[in-house]
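Here's the structure we're looking at; comments come further down.
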Amino acid sequence: MHVGVFTLLLLSGERNFGVRLNKLYLTRVPMDLPIFTGNHADLLILVFHKIITCGHHRLQPLFDCILTIIVNISPYLKQMCMVSASKLMHLLEAFSTPWFLFANQTNYHLVFFLLEIFNNIIQYQFDGNSHLIYSIIRKRHVFHQLSNLPEDPSTVSKPSRKRSNSQAPSFTSNNSTDCFNKPPEDWSPNREWVASWRKKLPLQTIMRLLQVLVPQVEKICIDKHLTDESEIISFLQNGTLVGLLPVPHPILMRKYQPNAATSVWFRRYMWGLVYMRNISPRIWSETNIKLFEVQKMQE
């Protein structure tokens, strides 16, 4: 899993990779994913959503890397399907709850990544992504709650398990800013920490979109008695925000930067493979080669 995410992170740093993900997905591989009609980008988003919400807890340090991949490809994504758009909104809804944001020193990074994904698509691929725009309008309360996030962490308590199961993916909150390192554990949230990143939330583009489109959608729903979401999506397909949004931000590609942590991890991984592939016959026996020491626990 780590190697696969690392490979996709490298590929996502190239523009051509993001563009080619728009190719229609026709091959049906047996996977436990929702049924959808879309492109390879939709497939990638659905797989990542599955990993985040249903994966093993040991995969949690990969969440930053997974969302970085989607950030890198987001300026080039055309015609996302409704299923993948809904999954992205589900992640934001889960990650933006105050109890989750305040549970760990780096959890807010995930919200920043997701907001950047939405901003990239709105600014650079608005035409053709009416499904995502509809999802944003439908879940607009999530963005309003983020803009009014409480500053005092002491006023926020973790919801009951019954309630949280319906709102958030099934993981704890020990994400890290590095795919291979863990954040410090001796930490507690305070007002200064919240203020340091709360004011930097990139909500301007999304809030402007909501300010323009929500009244239009509400008006057409009243005037034409629209109740079917397909009719609303059709209306959004013919809409435009040219001249109404803030100046488009530069596209930021986060390419892999070699570092000591990843070098150590891959060195251990490769030597582990060498050892496991050569257990029988035991080519290491009666030699001076020492890959690592095996410690046996006494029962």
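Shape class of region 182-262 from the Cα gyration tensor (axes a ≥ b ≥ c, square roots of the eigenvalues): prolate, since a/c reaches 1.5 or more and a/b is larger than b/c.
Ranking 93, 151, 286, 116 by solvent-accessible area of protein heavy atoms (1.4 Å probe, all protein chains present), from largest to smallest, gives 286, 151, 93, 116.
What's the center-to-center distance, using Cα atoms, between region 1-59 and region 92-161 in Å? Cα centroid of region 1-59 versus Cα centroid of region 92-161: 21 Å apart.
D by Stokes-Einstein for the chain, Kirkwood Rh over Cα pairs, 20 °C, 1.002 mPa s: 99 µm²/s. Against the chain, whose longest principal axis comes from its Cα atoms, helix 2-12 is set at around 50 degrees.
Label-to-label distance for residue 19 and residue 200 is 3.2 nm, based on points extended 7 Å past Cα in the beta-carbon direction.
Each of 270, 107, 21 was placed along the dipole of the chain (beta-carbon charges, centred on the mean Cα), and the one lying farthest toward the positive end is 270. The mean sequence distance of close C-alpha pairs (under 8 Å, at least 6 residues apart), as a share of the length of the chain, puts its relative contact order at 22 percent. Computed about the Cα centre, the dipole magnitude for the chain is approximately 400 debye when only Lys and Arg (+1) and Asp and Glu (-1) carry charge, each at its Cβ. Taking N as the residue count of region 69-112, its C-alpha radius of gyration divided by 2.2 N^0.38 Å amounts to 1.34.
How many Å² of accessible area per residue for the chain, probe 1.4 Å? Please report the intermediate quantities before stating the final value.
Values: 17640 Å² over 299 residues.
Accessible area per residue, the chain: 59 Å².
Spread over its residues, the convex hull of the C-alpha atoms of region 3-54 is 87 Å³ per residue. Taking the Cβ-Cβ separation of residue 230 and residue 278 as r and a Förster radius of 51 Å, what is the calculated FRET efficiency to the nearest 0.05? E(calc), rounded to 0.05, equals 0.30. When the helices of the chain are scored as -39500 (n - 2.57) per DSSP H run of n ≥ 4 and the total is divided over every residue, the value at 222 nm lands at -15500 deg cm²/dmol.
The order of 50, 78 by accessible area, most exposed first and with a 1.4 Å probe, is 78, 50.
The values are calculated or read from the model by the stated rules, or taken from the named source; none is laboratory data. Only a predicted model underlies this, so the values are computations on that prediction, with no experimental measurement involved. Don't worry about glycine lacking a Cβ; one is built from the backbone with ideal geometry, like all the others, and counts go over all protein chains shown. Note: areas computed on protein heavy atoms with side chains; ligands, DNA, RNA excluded. Shrake-Rupley method; radii C 1.70, N 1.55, O 1.52, S 1.80 Å.
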